[in-house]
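The values are calculated or read from the model by the stated rules, or taken from the named source; none is laboratory data. Everything numeric here is computed off the predicted structure, so don't read it as measured data. We place every Cβ from the backbone using ideal geometry, glycine too, and count neighbours over all the protein chains shown. Note: accessible area is taken over every heavy atom of the protein model, side chains too, but ligands, DNA and RNA are not part of it. Shrake-Rupley method; radii C 1.70, N 1.55, O 1.52, S 1.80 Å.
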Amino acid sequence: MNRAEKAALQLQAVDVLRMLKQTRTYDELSEVTGLPAGDLNRYVNGHVLPGTERAREVVEGIGLDALADELSARVELDEEGYVDNSAVVFDQSFLDLVAPVAAESFDFESPDVVLTAATDGITLGAAMASFFDARLAYAKKSKETAVEEFIESRQRLASGIELTYYLPARAIDEGDTVLVVDDLIRSGETQELLLDIALQADADVTGVFTLIAVGDEGLDRAREITDAPVGALETFE
(Lines give C-alpha, C1' and ligand atoms only; values in the text may rest on other atoms or scores of the structure.)
Protein backbone atom coordinates (compact mmCIF):
# COMPACT_ATOMS: atom_id res chain seq x y z
CA MET A 1 0.00 0.00 0.00
CA ASN A 2 1.50 3.32 -1.05
CA ARG A 3 1.25 6.60 0.85
CA ALA A 4 -1.81 7.84 -1.03
CA GLU A 5 -3.68 4.57 -0.45
CA LYS A 6 -2.84 4.68 3.27
CA ALA A 7 -4.11 8.25 3.54
CA ALA A 8 -7.32 7.36 1.70
CA LEU A 9 -7.93 4.42 4.05
CA GLN A 10 -7.35 6.60 7.11
CA LEU A 11 -9.77 9.26 5.87
CA GLN A 12 -12.38 6.60 5.08
CA ALA A 13 -12.11 5.33 8.65
CA VAL A 14 -12.63 8.86 9.98
CA ASP A 15 -15.73 9.26 7.80
CA VAL A 16 -17.17 6.02 9.20
CA LEU A 17 -16.49 7.12 12.78
CA ARG A 18 -18.07 10.52 12.17
CA MET A 19 -21.18 8.85 10.80
CA LEU A 20 -21.42 6.65 13.91
CA LYS A 21 -20.80 9.61 16.22
CA GLN A 22 -23.90 11.40 14.90
CA THR A 23 -26.14 9.18 17.06
CA ARG A 24 -23.74 8.18 19.86
CA THR A 25 -21.69 9.64 22.69
CA TYR A 26 -17.96 8.95 22.68
CA ASP A 27 -18.44 6.36 25.43
CA GLU A 28 -21.11 4.60 23.36
CA LEU A 29 -18.90 4.80 20.29
CA SER A 30 -16.09 3.29 22.32
CA GLU A 31 -18.30 0.33 23.22
CA VAL A 32 -19.16 -0.21 19.55
CA THR A 33 -15.61 0.07 18.24
CA GLY A 34 -13.51 -1.14 21.15
CA LEU A 35 -11.35 1.97 20.78
CA PRO A 36 -10.59 4.44 23.62
CA ALA A 37 -13.02 7.36 23.81
CA GLY A 38 -10.12 9.85 23.90
CA ASP A 39 -8.67 8.47 20.65
CA LEU A 40 -12.09 8.54 19.01
CA ASN A 41 -12.50 12.19 19.99
CA ARG A 42 -9.22 13.06 18.30
CA TYR A 43 -10.11 11.09 15.14
CA VAL A 44 -13.61 12.52 14.78
CA ASN A 45 -12.44 16.11 15.34
CA GLY A 46 -9.61 15.77 12.86
CA HIS A 47 -6.76 16.26 15.31
CA VAL A 48 -5.06 13.02 14.30
CA LEU A 49 -5.61 10.16 11.86
CA PRO A 50 -5.86 6.54 13.00
CA GLY A 51 -2.93 4.29 12.16
CA THR A 52 -3.16 2.14 9.05
CA GLU A 53 -4.07 -1.10 10.83
CA ARG A 54 -6.61 0.58 13.08
CA ALA A 55 -8.12 2.34 10.06
CA ARG A 56 -8.42 -0.98 8.25
CA GLU A 57 -10.19 -2.52 11.27
CA VAL A 58 -12.67 0.36 11.29
CA VAL A 59 -13.42 0.16 7.57
CA GLU A 60 -13.47 -3.61 7.10
CA GLY A 61 -14.97 -4.76 10.39
CA ILE A 62 -16.67 -2.02 12.35
CA GLY A 63 -17.67 -0.16 9.21
CA LEU A 64 -19.46 -3.10 7.61
CA ASP A 65 -21.51 -3.89 10.72
CA ALA A 66 -22.22 -0.23 11.43
CA LEU A 67 -23.40 0.55 7.91
CA ALA A 68 -25.54 -2.60 7.89
CA ASP A 69 -27.19 -1.46 11.13
CA GLU A 70 -27.69 2.02 9.73
CA LEU A 71 -29.19 0.55 6.57
CA SER A 72 -31.59 -1.62 8.58
CA ALA A 73 -32.75 1.42 10.53
CA ARG A 74 -33.53 3.30 7.33
CA VAL A 75 -35.25 0.54 5.34
CA GLU A 76 -38.93 -0.31 5.74
CA LEU A 77 -40.55 -3.60 4.73
CA ASP A 78 -44.31 -3.96 4.55
CA GLU A 79 -46.36 -7.07 5.26
CA GLU A 80 -46.14 -8.21 1.63
CA GLY A 81 -42.36 -7.96 1.57
CA TYR A 82 -42.08 -4.77 -0.47
CA VAL A 83 -39.03 -2.68 0.38
CA ASP A 84 -38.89 1.10 0.79
CA ASN A 85 -35.20 2.01 0.61
CA SER A 86 -35.64 5.62 -0.49
CA ALA A 87 -33.98 6.88 2.70
CA VAL A 88 -30.84 5.09 1.53
CA VAL A 89 -30.68 5.50 -2.25
CA PHE A 90 -31.39 9.24 -1.97
CA ASP A 91 -28.59 9.81 0.57
CA GLN A 92 -25.41 10.17 -1.47
CA SER A 93 -23.22 10.84 1.58
CA PHE A 94 -24.26 7.49 3.06
CA LEU A 95 -23.61 5.70 -0.23
CA ASP A 96 -20.19 7.35 -0.44
CA LEU A 97 -19.36 5.62 2.86
CA VAL A 98 -20.67 2.29 1.59
CA ALA A 99 -18.30 2.21 -1.38
CA PRO A 100 -14.94 1.91 0.45
CA VAL A 101 -16.38 -0.40 3.10
CA ALA A 102 -17.82 -2.74 0.46
CA ALA A 103 -14.60 -2.68 -1.53
CA GLU A 104 -12.49 -3.62 1.49
CA SER A 105 -14.94 -6.11 3.02
CA PHE A 106 -15.74 -8.11 -0.11
CA ASP A 107 -12.31 -7.81 -1.73
CA PHE A 108 -13.62 -6.46 -5.03
CA GLU A 109 -10.89 -5.82 -7.57
CA SER A 110 -10.82 -2.32 -9.00
CA PRO A 111 -13.02 -2.35 -12.15
CA ASP A 112 -12.87 -0.34 -15.34
CA VAL A 113 -16.67 -0.05 -15.34
CA VAL A 114 -19.37 -0.12 -12.67
CA LEU A 115 -22.54 -1.48 -14.27
CA THR A 116 -26.01 -1.03 -12.80
CA ALA A 117 -29.66 -0.74 -13.80
CA ALA A 118 -31.64 2.47 -14.09
CA THR A 119 -32.92 4.04 -12.03
CA ASP A 120 -32.54 3.18 -8.34
CA GLY A 121 -29.10 1.63 -8.81
CA ILE A 122 -27.60 4.79 -10.27
CA THR A 123 -26.77 6.60 -7.01
CA LEU A 124 -24.99 3.53 -5.59
CA GLY A 125 -23.30 2.97 -8.94
CA ALA A 126 -22.06 6.57 -8.93
CA ALA A 127 -20.59 6.17 -5.44
CA MET A 128 -18.83 2.93 -6.36
CA ALA A 129 -17.54 4.34 -9.66
CA SER A 130 -16.21 7.45 -7.90
CA PHE A 131 -14.40 5.37 -5.28
CA PHE A 132 -12.78 3.09 -7.87
CA ASP A 133 -12.18 5.95 -10.35
CA ALA A 134 -14.13 3.85 -12.87
CA ARG A 135 -16.67 4.61 -15.57
CA LEU A 136 -20.36 4.29 -14.70
CA ALA A 137 -22.70 2.49 -17.09
CA TYR A 138 -26.38 1.85 -16.51
CA ALA A 139 -28.74 -0.31 -18.53
CA LYS A 140 -32.27 0.88 -19.28
CA LYS A 141 -35.54 -0.82 -20.13
CA SER A 142 -35.84 1.30 -23.26
CA LYS A 143 -33.52 2.31 -26.09
CA GLU A 144 -32.11 5.81 -26.38
CA THR A 145 -33.13 7.40 -29.66
CA ALA A 146 -29.71 8.76 -30.66
CA VAL A 147 -27.81 5.51 -29.97
CA GLU A 148 -27.42 3.12 -32.87
CA GLU A 149 -25.82 0.02 -31.30
CA PHE A 150 -26.96 -1.68 -28.11
CA ILE A 151 -26.17 -4.73 -26.06
CA GLU A 152 -29.55 -6.29 -25.33
CA SER A 153 -30.41 -8.84 -22.65
CA ARG A 154 -33.88 -10.34 -22.39
CA GLN A 155 -35.57 -12.79 -20.07
CA ARG A 156 -39.10 -14.11 -19.65
CA LEU A 157 -40.05 -14.04 -15.98
CA ALA A 158 -42.02 -16.70 -14.15
CA SER A 159 -45.03 -14.36 -14.28
CA GLY A 160 -44.89 -14.40 -18.08
CA ILE A 161 -43.68 -10.81 -18.30
CA GLU A 162 -40.65 -10.23 -20.52
CA LEU A 163 -37.89 -8.12 -18.99
CA THR A 164 -35.39 -6.48 -21.33
CA TYR A 165 -32.43 -4.21 -20.61
CA TYR A 166 -30.44 -2.20 -23.15
CA LEU A 167 -26.94 -0.76 -22.80
CA PRO A 168 -25.22 1.37 -25.45
CA ALA A 169 -22.55 -0.88 -26.97
CA ARG A 170 -19.81 1.72 -26.50
CA ALA A 171 -20.36 1.80 -22.69
CA ILE A 172 -18.24 -1.34 -22.15
CA ASP A 173 -15.17 -2.29 -24.18
CA GLU A 174 -13.96 -5.80 -24.85
CA GLY A 175 -11.60 -6.85 -22.06
CA ASP A 176 -12.93 -4.30 -19.55
CA THR A 177 -13.35 -5.42 -15.95
CA VAL A 178 -16.89 -4.85 -14.68
CA LEU A 179 -18.40 -4.63 -11.20
CA VAL A 180 -22.18 -5.17 -11.20
CA VAL A 181 -24.03 -3.23 -8.50
CA ASP A 182 -27.67 -2.62 -7.61
CA ASP A 183 -29.65 -1.25 -4.71
CA LEU A 184 -31.74 -4.41 -4.21
CA ILE A 185 -31.61 -8.09 -5.10
CA ARG A 186 -34.52 -10.45 -4.60
CA SER A 187 -34.88 -13.12 -7.29
CA GLY A 188 -31.69 -12.06 -9.06
CA GLU A 189 -33.33 -11.59 -12.46
CA THR A 190 -32.09 -8.03 -12.97
CA GLN A 191 -28.57 -8.95 -11.88
CA GLU A 192 -28.59 -11.94 -14.24
CA LEU A 193 -29.42 -9.61 -17.13
CA LEU A 194 -26.64 -7.22 -16.13
CA LEU A 195 -24.17 -10.09 -15.93
CA ASP A 196 -25.32 -11.27 -19.34
CA ILE A 197 -24.69 -7.80 -20.76
CA ALA A 198 -21.14 -7.83 -19.33
CA LEU A 199 -20.49 -11.26 -20.79
CA GLN A 200 -21.88 -10.26 -24.19
CA ALA A 201 -19.41 -7.37 -24.17
CA ASP A 202 -16.56 -9.86 -23.57
CA ALA A 203 -15.81 -8.16 -20.27
CA ASP A 204 -14.49 -9.77 -17.09
CA VAL A 205 -16.78 -9.58 -14.05
CA THR A 206 -14.94 -8.62 -10.85
CA GLY A 207 -17.92 -8.88 -8.52
CA VAL A 208 -21.60 -8.36 -7.77
CA PHE A 209 -22.67 -6.04 -4.95
CA THR A 210 -26.05 -4.95 -3.65
CA LEU A 211 -27.14 -2.84 -0.71
CA ILE A 212 -30.06 -5.08 0.22
CA ALA A 213 -30.72 -8.76 -0.37
CA VAL A 214 -34.22 -10.06 0.29
CA GLY A 215 -33.51 -13.72 1.02
CA ASP A 216 -30.65 -15.68 -0.54
CA GLU A 217 -32.19 -16.59 -3.90
CA GLY A 218 -30.78 -13.67 -5.83
CA LEU A 219 -27.30 -13.94 -4.31
CA ASP A 220 -27.18 -17.67 -5.03
CA ARG A 221 -28.33 -17.03 -8.59
CA ALA A 222 -25.50 -14.56 -9.14
CA ARG A 223 -22.97 -17.01 -7.69
CA GLU A 224 -24.08 -19.62 -10.22
CA ILE A 225 -23.16 -17.24 -13.05
CA THR A 226 -19.86 -15.82 -11.82
CA ASP A 227 -16.95 -16.98 -9.68
CA ALA A 228 -16.25 -13.37 -8.67
CA PRO A 229 -17.15 -12.17 -5.15
CA VAL A 230 -20.88 -11.64 -4.53
CA GLY A 231 -22.01 -9.65 -1.50
CA ALA A 232 -24.80 -7.64 0.13
CA LEU A 233 -24.53 -5.00 2.80
CA GLU A 234 -27.58 -6.41 4.58
CA THR A 235 -29.85 -9.41 4.05
CA PHE A 236 -33.53 -9.43 5.05
CA GLU A 237 -35.40 -12.72 5.31
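Quick notes on this structure:
- On inspection, residue 132 qualifies as open to solvent by 20 Å² or more (accessible area, probe 1.4 Å) and in contact with a Leu (Cβ under 9 Å, 6 or more places away or on another chain).
- Residues that are free of Cβ contacts under 8 Å to residues at least 12 places away in the same chain, farther than 24 Å from residue 229 by Cβ and either under 17 Å from the mean Cα position of the chain (by Cα) or surrounded by 13 or more Cβ atoms within 10 Å (Cβ to Cβ) (or both) do not occur anywhere in the range 148-161.
- Odd one out for residue 190, checked against (1) within 24 Å of residue 76 (Cα to Cα); (2) open to solvent by less than 30 Å² (accessible area, probe 1.4 Å): (2)
- Residue tally, condition under 18 Å from residue 124 (Cβ atoms), among the small types (Gly, Ala, Ser) and over 15 Å from the mean Cα position of the chain (by Cα), over the range 186-214: 2
- Only listed residue being more than 14 Å from residue 198 (Cβ to Cβ), among the β-branched types (Val, Ile, Thr) and touching a Gly at 6+ places or on another chain (Cβ under 7 Å), chosen from 114, 181, 101, 147: 101
- Qualifying residues in the range 204-217 (those that are small (Gly, Ala, Ser) and open to solvent by less than 10 Å² (accessible area, probe 1.4 Å)) - the one nearest to residue 64 (Cα to Cα): 213
- Residue 126 being modelled with pLDDT of 95 or more and either open to solvent by less than 30 Å² (accessible area, probe 1.4 Å) or on the phi > 0 side of the Ramachandran plot (or both): no
- For the range 221-237, the tally of residues that are under 19 Å from residue 107 (Cβ atoms) and open to solvent by 60 Å² or more (accessible area, probe 1.4 Å) stands at 3.
- Verdict on residue 183 being open to solvent by 30 Å² or more (accessible area, probe 1.4 Å), within 30 Å of residue 9 (Cβ to Cβ), within 19 Å of the chain's Cα centre (by Cα) and not polar (S, T, N, Q): no
- First in the range 122-139 and within 12 Å of residue 99 (Cα to Cα), second anywhere and part of a helix (DSSP H, G or I) and open to solvent by less than 60 Å² (accessible area, probe 1.4 Å), Cβ under 6 Å, 6 or more apart: 123/89; 123/95; 124/95; 127/95; 127/99; 128/99; 131/99; 131/100
- Number of positions in the range 62-114 that are over 14 Å from residue 126 (Cα atoms), free of Cβ contacts under 8 Å to residues at least 40 places away in the same chain and hydroxyl-bearing (Ser, Thr, Tyr): 2
- Scanning the range 102-114 for residues that are open to solvent by less than 70 Å² (accessible area, probe 1.4 Å) and either in a strand (DSSP E or B) or at pLDDT 90 or above (or both) turns up 102, 106, 108, 111, 112, 113, 114.
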